[in-house]
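Since every read-out is calculated from the coordinates, none of them should be taken as a lab result. All values reported here derive from a predicted model rather than from experimental measurement. With ideal geometry, Cβ positions are generated from the backbone for all residues, glycine too; neighbour counts draw on all protein chains shown.
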């Protein structure tokens with residue numbers, strides 16, 4: 001059989017003469033930058049607060065003045081940014097990473 005006849009027969013059965021290849025959509029990989037800070041000593045760049053949870057809306061545990069020395073312990077990242085668990089004087093809680101430097 002010639003190609004035209006085969007194509008006509010296949011078209012009559014709802015088939016295309018051309019092969020249908022599966023389409024695969026590939027998203028680029030998500031690249032998460034490494035944290036700017038590491039566990040250990042750090043200082044606050046500005047006056048800030050410690051929070052009960054790593055969220056902007058969380059309860060304030062206590063104030064932290066600009067230039068305060070802290071020991072960063074555990075980092076967590078969420079939709080509110082990067083946060084570090086630390087202690088300052090009698091307070092302990094989460095501090096926003098953007099307010100810190102090492």
Stretchable slack from residue 102 to residue 27, in nm (0.36 nm times residue separation minus alpha-carbon distance): 23.5 nm
Ordering of 65-77, 83-95 by burial proxy (mean other Cβ atoms within 10 Å per residue, highest first): 83-95, 65-77
Values of log10 I(q)/I(0), in the order q = 0.25, 0.28 Å⁻¹, for region 37-102 under a Debye, Cα-only, solvent-free model: -1.08, -1.38
